[in-house]
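Peer 1: Would you mind keeping the following structure in view while I ask a few things?
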Amino acid sequence: MSGPTILFDIDGTLVRFHGLGRRAMSLAMEEVWGLRGALEGISFAGATDSGVALRVGAGRDRAPMWSRYVDHLRKAAAARDDLAPLEGVVPLLDALRERGARLGLLTGNVREGARIKLGAIGILDRFDLSISGFAEDGVERTEIAAAARQRCGGMPLTVVGDTVADVRGARHIGARALAVAWGFEEADALAAAGPDRLVSGLGLELLPWLLG
Ligand SMILES: [Mg+2]
C-alpha cells in the first residue's frame, strides 16, 4: 500500500541559506546582463526564481544567467560548512518515507538550484524529483503547483511551506496546506491565508496529521 504524497517548499521550510541564493543570482545578473544591484529591495519570500528573473530581466536571455547562477550557487554552497536542514526536518522526512509516503518538492527554485541546495545539506535523496514542481514550470507558484499536480496524478496531496504563496499554491491544486512559521515570515499573515494547519516548526509530532 502506498502512503500519501507530500510536496515541500525548500527555502524557509527545510533550510535557510542565509542569502546565498540571492547573492549568486545577483552576481549572475551582473555578469551576464550587466545589471548591478538588480535584486535590491526585492523580497524572495514565497517568490519564484523565474518570477524574479522576469521582473528584473524582462526581454533578456535567461538561459546564460541561470547557467552562471547555478555555478555561483554551487561554489558558494561548497565553501560553507555550516549549512544544515532546520531542526526536526530530517527525522520527519525519514519517518514519512519509512511509512511509505512519497516526498516531492514544490519550489520556486530552478531545478538545478534545488538540487544544489538540498545536496549541500544532504537530503536530496529523500525527494522524488519526478513528482516535483520547479521554477521552470512557471512564473507564479500556482503554475508550478499545477505542474506538480499533473506529475502526481489525482491522488490527495499535502503541501508544506512557510509563506502565504505556498498556501495559495496548495489551494490552487486542491491540496491540504501545512504552514510552518519558523519565525522568518509573519505568522499572522500565514494564519490569515487559511492553511489546514499552522505550526511553529517541523518534527515527528506532525506524523499522524501528515499521514492521515
Ligand atoms: Mg519558502
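Peer 1: Yes or no: the range 138-151 includes at least one residue that is crowded, with 16+ Cβ neighbours inside 10 Å, charged (D, E, K, R), touching a Gly at 6+ places or on another chain (Cβ under 9 Å) and not in a helix (DSSP H, G or I).
Peer 2: yes
Peer 1: Here's a follow-up. Residue 50 - would you say it is among the small types (Gly, Ala, Ser), assigned to a helix (DSSP H, G or I) and away from the ligand (no atom under 12 Å from the Cβ)?
Peer 2: Numbers: among the small types (Gly, Ala, Ser): yes; assigned to a helix (DSSP H, G or I): yes; away from the ligand (no atom under 12 Å from the Cβ): yes.
Yes: the conditions hold for residue 50.
Peer 1: Looking for whichever is of a type outside the set (Ser, Thr, Tyr) and not in a loop (DSSP other than H, G, I, E, B) here; the options are 174, 154, 169. Which one fits? Walk me through it before giving the result.
Peer 2: Working: 174 fails: not in a loop (DSSP other than H, G, I, E, B); 154 fails: not in a loop (DSSP other than H, G, I, E, B).
When all the criteria are applied, what remains is 169.
Peer 1: Being within 16 Å of the ligand (Cβ to nearest atom), in contact (Cβ under 8 Å) with a residue 40 or more places away in the chain and surrounded by fewer than 18 Cβ atoms within 10 Å (Cβ to Cβ) narrows it down to one residue among 45, 95, 78; which is it?
Peer 2: Every option except 45 fails the conditions.
Peer 1: Could you identify the single residue in 190, 106 that is among the aliphatic types (A, V, I, L, M), farther than 24 Å from residue 55 by Cα and within 16 Å of the ligand (Cβ to nearest atom)?
Peer 2: From the options 190, 106, the qualifying one is 190.
Peer 1: Keeping to the range 1-42, report how many residues are within 30 Å of residue 131 (Cα to Cα), surrounded by fewer than 19 Cβ atoms within 10 Å (Cβ to Cβ) and more than 11 Å from the ligand (Cβ to nearest atom).
Peer 2: 9
Peer 1: For residue 116, all conditions in the list (1) buried (at least 21 other Cβ atoms within 10 Å of the Cβ); (2) in a loop (DSSP other than H, G, I, E, B) hold save one; what is the number of the exception?
Peer 2: Unmet for residue 116, out of (1) buried (at least 21 other Cβ atoms within 10 Å of the Cβ); (2) in a loop (DSSP other than H, G, I, E, B): (2).
Bear in mind that the values in this text are calculations on the coordinates, not laboratory data. Bear in mind that the values here come from a model prediction, so they are computed numbers and not experimental data. Methodologically, a virtual Cβ is constructed for each residue, glycine included, from the backbone with ideal geometry; neighbour enumeration extends over all protein chains shown.
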